[in-house]
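Here the structure comes first, spelled out in structure tokens, and everything after it is commentary.
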Amino acid sequence: MDNLSAILIVDDEPDMRALLKDVLEERGHRVQVASNGREALKKLAEEEYSVVLTDLRMKEMQGIELLAEIKRTHPDINVILMTAFGSVESAIEAMKQGAYDYLTKPVKTEELVLVMEKALREAALRREVGRLRREVHKEYSFHQILGKSKPMQQVFDLIRRVADSPTNVLITGESGTGKELVAKAIHYNSERRDAPFVPVNCAAIPEALLESELFGHMKGAFTDAKGDKRGLFEEAQKGTLFLDEISELPLMLQAKILRAIQEREIRRVGATRSMPVDVRIIAATNLHLAEEVKAKRFREDLYYRLNVIEIHLPPLRERREDIPMLVEAFLKKCAEASHKNLRGMNETALALLMDYTWPGNVRELENVIERAVTLARGEKIVPDDLPPAIQGARGDRAVIDEAAERILPLADVEKEYILRILEKTGGNKYQAAQTLGIDRKTLYRKLAEIEERDKA
Ligand SMILES: Nc1ncnc2c1ncn2[C@@H]1O[C@H](COP(=O)(O)OP(=O)(O)OP(=O)(O)O)[C@@H](O)[C@H]1O
Ligand SMILES: [Mg+2]
């Protein structure tokens, strides 16, 4: 039942209510009635309505008060007012307060139906837009991770499914693919979200310190141990320990971590007793860990303990359809941070980004956008604002292919290409020069040459 297209009629005259109800019901609409403002508000709280049709002059609450209250509590409902002939001024006042439209009494049937159906359509459209917006938001982003591509959608799905299980997770993927972001998303979606998320970069801490960093130490355990110290396992108690670049963990510590996972207890360096820990481990690596196992650089038993579930993040070049939304998000963020009034990126620049191979993945893209925002002089990012490596990555293949097909001389290819770019920029020479990667003077010279040749 579509109770969303319902209409509520508010009028203190019983005959009028009945008449309006009949007319609208005959047109197939669902109609409820209320005899005053209070009753109307009660009905609005109980059920969903799209449009309220109310008399302006009523005994208790005036139509204008009812309008104000509806705009406050149900801003999406369209309110149509009915006013006696000769009091159009108050109707205009009501329009200023947000009424959708007004009808003068006696209300003509056709006019009523026309205005009503328009109001219903617009309310439905607004609801649909709201629904789509929520859906886009829900589907294409997950805890700050953006991605509409199929592999990213599968990653979102996996995160949801593993979050509440106690299993350890191994996140794999090239540098900059978002491994840490995924680790956080798992933590903040799990029952452990109120306990700490503790990241450790196993490659960044000197080997000699790593053990006491992870497990803590007792006073006097070694020369520098001036007091007792909690390790990161203890810091992460009841939460999540994120072991980043796990492949860099020395074999000796791999054994200790394995023990901590199996026994669920740890021992501070220099301590005589162990203590229980309840920590979920999420590990990440940009190497192929199975190969490290084969090469005996990584313990097989630890590998299996960590790799209960693997979440693999594909490189950006394998999910190019994610690039536009990432660009948009990073642009917005950077433009806001630098107080620049940027209106996006021109098509050629975006095409260059779509073509590039992104060895540094999303992190590289983020840096490229930040750089471009800093360099941008116009209101849009243009190819000139991108690093040379990216600008050079593209030849307009279609044009080249076509030229090769027709075996055109180089000068003709250049001419066609320049004219086509000019066409694309709507004749704007400044933009065309930027797109072509040449300065404006060069473009003018080339255009002059083209003209000369054409004359000859
Ligand atoms: N899908 C994504 N949506 C939005 N931002 C992303 C996405 N993936 C990565 N990022 C951003 O890219 C940057 C790198 O992400 P992150 O640090 O999680 O990558 P990583 O895989 O851990 O890289 P590394 O292996 O180099 O440590 C971060 O700033 C992160 O916010
Ligand atoms: Mg990382």
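The values are calculated or read from the model by the stated rules, or taken from the named source; none is laboratory data. Owing to the predicted nature of the structure, the values given are computational and were not obtained by experimental measurement. As a convention, Cβ positions derive from the backbone with ideal geometry for all residues, glycine included, and neighbour counts pool all protein chains shown.
Hey, any hits in the range 185-205 for a residue that's on the phi > 0 side of the Ramachandran plot, in a loop (DSSP other than H, G, I, E, B) and more than 16 Å from ligand 2 (Cβ to nearest atom)? Explain how you work it out, then say what you get.
Within the range 185-205, the subset on the phi > 0 side of the Ramachandran plot is none.
No, the range 185-205 contains no residue that is on the phi > 0 side of the Ramachandran plot, in a loop (DSSP other than H, G, I, E, B) and more than 16 Å from ligand 2 (Cβ to nearest atom).
Can you confirm whether residue 302 is assigned by TED's automatic domain parsing to the domain that holds residue 260, assigned to a helix (DSSP H, G or I), surrounded by 15 or more Cβ atoms within 10 Å (Cβ to Cβ) and more than 11 Å from ligand 1 (Cβ to nearest atom)? Before the answer, list the steps.
Details: assigned by TED's automatic domain parsing to the domain that holds residue 260: yes; assigned to a helix (DSSP H, G or I): yes; surrounded by 15 or more Cβ atoms within 10 Å (Cβ to Cβ): yes; more than 11 Å from ligand 1 (Cβ to nearest atom): yes.
So residue 302 fits the description; yes.
Just one of (1) modelled with pLDDT of 90 or more; (2) surrounded by fewer than 13 Cβ atoms within 10 Å (Cβ to Cβ) trips up residue 384, so point out which.
The single condition residue 384 does not satisfy is (2).
Does at least one position in the range 128-135 carry a residue that is more than 14 Å from ligand 1 (Cβ to nearest atom), modelled with pLDDT of 90 or more and aliphatic (A, V, I, L, M)? Quick ask: steps written out before the conclusion?
First, the residues of the range 128-135 that are more than 14 Å from ligand 1 (Cβ to nearest atom): 128-135.
Cutting the leftovers down to modelled with pLDDT of 90 or more gives us none.
No: zero hits.
Here are 176, 216: which of them is crowded, with 17+ Cβ neighbours inside 10 Å and within 13 Å of ligand 1 (Cβ to nearest atom)?
Working: 216 fails: within 13 Å of ligand 1 (Cβ to nearest atom).
On inspection, the qualifying residue turns out to be 176.
Kindly indicate whether any position in the range 334-343 is in contact with a Pro (Cβ under 7 Å, 6 or more places away or on another chain), assigned to a helix (DSSP H, G or I) and not hydrophobic (A, V, I, L, M, F, W, C). Please lay out each step first, then the result.
First pass over the range 334-343, keeping only residues in contact with a Pro (Cβ under 7 Å, 6 or more places away or on another chain): none.
No; the residues of the range 334-343 include none that is in contact with a Pro (Cβ under 7 Å, 6 or more places away or on another chain), assigned to a helix (DSSP H, G or I) and not hydrophobic (A, V, I, L, M, F, W, C).
Pick out the one residue from 221, 183 that is over 24 Å from residue 309 (Cα atoms) and either within 15 Å of ligand 1 (Cβ to nearest atom) or surrounded by 14 or more Cβ atoms within 10 Å (Cβ to Cβ) (or both). Before you say what the answer is, go through the steps one by one.
Details: 183 fails: over 24 Å from residue 309 (Cα atoms).
From the options 221, 183, the qualifying one is 221.
If the requirement is being at pLDDT 95 or above, aliphatic (A, V, I, L, M) and more than 29 Å from residue 160 (Cβ to Cβ), which of these qualifies: 323, 369, 266, 281? Give the steps one after another, and end with the answer.
Values: 323 fails: more than 29 Å from residue 160 (Cβ to Cβ); 369 fails: more than 29 Å from residue 160 (Cβ to Cβ); 281 fails: more than 29 Å from residue 160 (Cβ to Cβ).
From the options 323, 369, 266, 281, the qualifying one is 266.
Within the range 266-275, identify whether any single residue is within 38 Å of the chain's Cα centre (by Cα) and either farther than 26 Å from residue 180 by Cβ or not basic (Lys, Arg) (or both), and answer yes or no. Don't jump to the end; show me each part of the working.
Filtering the range 266-275 down to residues within 38 Å of the chain's Cα centre (by Cα) leaves none.
No - not one qualifying residue is present in the range 266-275.
Please specify each residue of the range 274-313 satisfying the condition of being hydroxyl-bearing (Ser, Thr, Tyr) and within 16 Å of ligand 2 (Cβ to nearest atom). Steps first, answer last, please.
Step one: of the range 274-313, the residues hydroxyl-bearing (Ser, Thr, Tyr) are 274, 285, 303-304.
Within the range 274-313, 285 is the sole residue that qualifies.
When you look at residue 92, is it without any contact (Cβ under 8 Å) to a residue 40 or more places away in the chain, of a type outside the set (D, E, K, R) and under 22 Å from residue 25 (Cβ atoms), yes or no? First the steps, then the outcome.
Numbers: without any contact (Cβ under 8 Å) to a residue 40 or more places away in the chain: yes; of a type outside the set (D, E, K, R): yes; under 22 Å from residue 25 (Cβ atoms): no.
Considered against the rule, which asks whether it is without any contact (Cβ under 8 Å) to a residue 40 or more places away in the chain, of a type outside the set (D, E, K, R) and under 22 Å from residue 25 (Cβ atoms), residue 92 comes out as no.
Residue by residue, here is whether (1) of a type in the set (A, V, I, L, M, F, W, C); (2) surrounded by 15 or more Cβ atoms within 10 Å (Cβ to Cβ) holds:
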position	(1), (2)
64	yes, yes
90	no, yes
103	yes, yes
106	no, no
118	no, yes
145	yes, yes
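Out of the range 150-173, which residues are touching a Pro at 6+ places or on another chain (Cβ under 9 Å) and surrounded by fewer than 19 Cβ atoms within 10 Å (Cβ to Cβ)? Walk me through it before giving the result.
Let us first name the residues in the range 150-173 that are touching a Pro at 6+ places or on another chain (Cβ under 9 Å), namely 151-152, 155, 173.
Result: 151, single match.
Pick from 99, 208, 119, 195: which is at pLDDT below 90, away from ligand 1 (no atom under 16 Å from the Cβ), of a type in the set (A, V, I, L, M) and more than 30 Å from residue 332 (Cβ to Cβ)?
Values: 99 fails: at pLDDT below 90; 119 fails: at pLDDT below 90; 195 fails: at pLDDT below 90.
208 is the lone residue from the list that is at pLDDT below 90, away from ligand 1 (no atom under 16 Å from the Cβ), of a type in the set (A, V, I, L, M) and more than 30 Å from residue 332 (Cβ to Cβ).
Among the residues of the range 321-339, how many are surrounded by 14 or more Cβ atoms within 10 Å (Cβ to Cβ) and either in contact (Cβ under 8 Å) with a residue 60 or more places away in the chain or more than 13 Å from ligand 1 (Cβ to nearest atom) (or both)?
5
Just the residues that are assigned to a helix (DSSP H, G or I), of a type in the set (A, V, I, L, M, F, W, C) and within 12 Å of ligand 1 (Cβ to nearest atom), please, taken from the range 345-373. If you could, list the steps in order and put the result at the bottom.
First, pick out the residues of the range 345-373 that are assigned to a helix (DSSP H, G or I): 347-355, 361-373.
Restricting the remaining residues to those that are of a type in the set (A, V, I, L, M, F, W, C) gives 349-354, 362, 365, 368-369, 372-373.
Result: 362, 365, 368, 369.
Residue 143 passes all but one of (1) at positive phi; (2) touching a Gly at 6+ places or on another chain (Cβ under 9 Å); which number fails?
With respect to (1) at positive phi; (2) touching a Gly at 6+ places or on another chain (Cβ under 9 Å), residue 143 is out only on (2).
Could you tell me which residue of the range 136-173 is farthest from the chain's Cα centre (by Cα), considering only residues that are within 14 Å of ligand 1 (Cβ to nearest atom) and among the basic types (Lys, Arg)?
150
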